[in-house]
1. Quick check: is even one residue across region 117-133 assigned by TED's automatic domain parsing to the domain that holds residue 160, on the phi > 0 side of the Ramachandran plot and at pLDDT 95 or above?
2. Condition first: out of contact with any strand residue (DSSP E or B) (no Cβ under 9 Å at 6 or more places or on another chain), modelled with pLDDT of 95 or more and surrounded by 14 or more Cβ atoms within 10 Å (Cβ to Cβ). Can you find one or more residues in region 168-180 that meet it?
3. With 71, 90 as the choices, which residue is outside the structural domain of residue 117 (by TED's automatic domain parsing) and farther than 14 Å from residue 16 by Cα?
4. For the structure I just gave you, tell me whether residue 21 is modelled with pLDDT of 95 or more, in a loop (DSSP other than H, G, I, E, B) and farther than 30 Å from residue 148 by Cβ.
5. Any residue in region 103-116 that is under 14 Å from residue 155 (Cα atoms) and in the same structural domain as residue 158 (by TED's automatic domain parsing) sitting within a Cβ distance under 7 Å of a residue that is outside any helix (DSSP H, G or I) and modelled with pLDDT of 95 or more? List the pairs, counting only those 6 or more apart or interchain.
6. Go through 44, 86 for me and flag whichever is closer than 17 Å to residue 125 by Cβ and in contact with a helix residue (DSSP H, G or I) (Cβ under 8 Å, 6 or more places away or on another chain).
């Protein structure tokens, strides 16, 4: 049994219409979810394959950090696929600095976030005070490095060049790419929708 707490505004996404999303996660990850919609506390209990069950808490956490359920469930695709979270509050001085850095990470019309995702092959969502990344370890490392470059004040051009170089290296070594069609994989905030502001 593991406990995960997610922002209240993501509880509805985790449950889904008529509990549909919750049931799909339970079925595919072979877990039982006990969701407290008042507090956002979620108990995750493995009821089947223990290897799949280990991914259950990360699937819940990924939905809580702004990923679509479809993208979160992609964590079940292969043993190496992982969720990584970069805590922006640790790298920013105050709320204004956090907003400024998030703006740099998202980029104009969401371009920077989009390029981080496209050139790494990972899923990237900027929500609340975190950057969430889902991908193979090498893909996750590339995005994390790009995020850290931006947080350290590197110009966008230098970050894009780094991403291009890593993209070419990964193509050469044959890293697999996961493409998702449809869904709100990017998350509203990652596309620059101010109404999605919030979360922690």
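1. Our first condition is that a residue be assigned by TED's automatic domain parsing to the domain that holds residue 160; within region 117-133, this holds for 117-133.
Okay, now just the ones that are also on the phi > 0 side of the Ramachandran plot, so 121, 128.
If we keep only those that are at pLDDT 95 or above as well, we get 121, 128.
So far as region 117-133 goes, yes, one or more of its residues are assigned by TED's automatic domain parsing to the domain that holds residue 160, on the phi > 0 side of the Ramachandran plot and at pLDDT 95 or above.
2. Within region 168-180 (the criterion being out of contact with any strand residue (DSSP E or B) (no Cβ under 9 Å at 6 or more places or on another chain), modelled with pLDDT of 95 or more and surrounded by 14 or more Cβ atoms within 10 Å (Cβ to Cβ)), the answer is no, since none of the residues qualifies.
3. Working: 90 fails: outside the structural domain of residue 117 (by TED's automatic domain parsing).
Answer to the check: 71.
4. Numbers: modelled with pLDDT of 95 or more: yes; in a loop (DSSP other than H, G, I, E, B): no; farther than 30 Å from residue 148 by Cβ: yes.
The answer is no for residue 21.
5. These pairs meet every condition: 105/126; 105/131; 106/126.
6. Working: 44 fails: closer than 17 Å to residue 125 by Cβ.
Exactly one residue qualifies, and that residue is 86.
The values are calculated or read from the model by the stated rules, or taken from the named source; none is laboratory data. No experiment lies behind these values; they were computed from the predicted model shown. Cβ atoms come from the backbone with ideal geometry, glycine included; neighbour counts cover every protein chain shown.
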